[in-house]
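Any read-out appearing in this document is the output of simple, stated calculations on the displayed coordinates, not a laboratory observation. Not measured: the values here are computed from a predicted model. All Cβ positions, glycine included, derive from the backbone under ideal geometry; neighbour counts span all protein chains shown.
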Amino acid sequence: MSNCNNPPEARFVVKVPRDSSLEASSVNAPVKVSGVVGEQEVSVVAGDVSVKGSRGKLEVASVSGNVELVPESLADTEVSTVSGNVKLKLPRGAGANVAFSSVGGRFNGRDVSLGSTKKKYGNGEHDVEVSTVGGTLDVQSE
C-alpha cells in the first residue's frame, strides 16, 4: 500500500514506427525519445528531456528540467526553458544558425544576460532557436 508521502512509481515505454511524428508531454517525469526521425514536440513541467537520433523538426518546452538533444541529422529546432539547461550535440558537418536569448543565462560559457546572441555553425542551413530565463546553452560541434 502506498500513501501520499510515498506514491507508487510508474514507467511507460511507448514504441512507435521510426518515421512517425511524436508529441509527448509530462507534468512531473522525464521524457526520453530515441530513434524517432519524424517531427517531434515534447513539453514537460518538471523533468528532463532527452532526444537522440532524431532527423525531423524538434520543438521542446520545459519549465524546470534540462534538455539534451543529440540529433542524427539536424533539422529546424526550437527549445524554450525557464530554469533548465540545454545541451545540443551537432552531427558531424551539420549547418546551424543558433539564436540564443536569455534573461540570465550563458551560451557556451559566456554571459548573455538580458539579451540575445547568434552563432553560425557550418553553412547555417538549419535554424536553432533557444530561449531561457535562467538556463545555459552548450553547443558541441565536431
Out of residues 5 or more away from S62 or on other chains, whose amide H comes under 5 Å of its own, with H placed 1.01 Å from N in the peptide plane? V44, S80, T81, V82
What's the exposure ranking of V27, V33, going from fewest to most Cβ atoms within 10 Å? V27, V33
With the alpha-carbon atoms as the only input, what is the per residue convex hull volume for the chain in Å³? 103 Å³
Work out the length of the dipole vector of the chain about its Cα centre, built from +1 on the beta-carbon of each Lys and Arg and -1 on the beta-carbon of each Asp and Glu, and round it to the nearest 20 debye. 360 debye
Give the residue from V36, P71, V60 lying farthest towards the positive end of the charge dipole for the stretch 22-140; charges sit on Cβ (+1 for Lys and Arg, -1 for Asp and Glu) and the dipole is referred to the Cα centre. P71
Counting only DSSP beta bridges with both residues in the stretch 22-140, what percent are antiparallel, rounded to the nearest 5? 20 percent
Relative contact order of the chain: what whole-number percent is it, with Cα pairs under 8 angstrom and at least 6 residues apart? 17 percent
Dipole axis of the stretch 79-142 (+1 Lys, Arg; -1 Asp, Glu on Cβ), positive-most option in T136, S83, G109: G109
In whole Hz, with x marking every Gly and Pro, tabulate ³J(HN,Hα) for the stretch 98-105 from phi via Karplus 6.51 cos²θ - 1.76 cosθ + 1.60, θ = phi - 60°. 9, 10, 10, 10, 7, 7, x, x
Suppose R0 equals 22 Å; then what is the FRET efficiency for K118 and V82 from their Cβ-Cβ distance, rounded to the nearest 0.05? 0.50
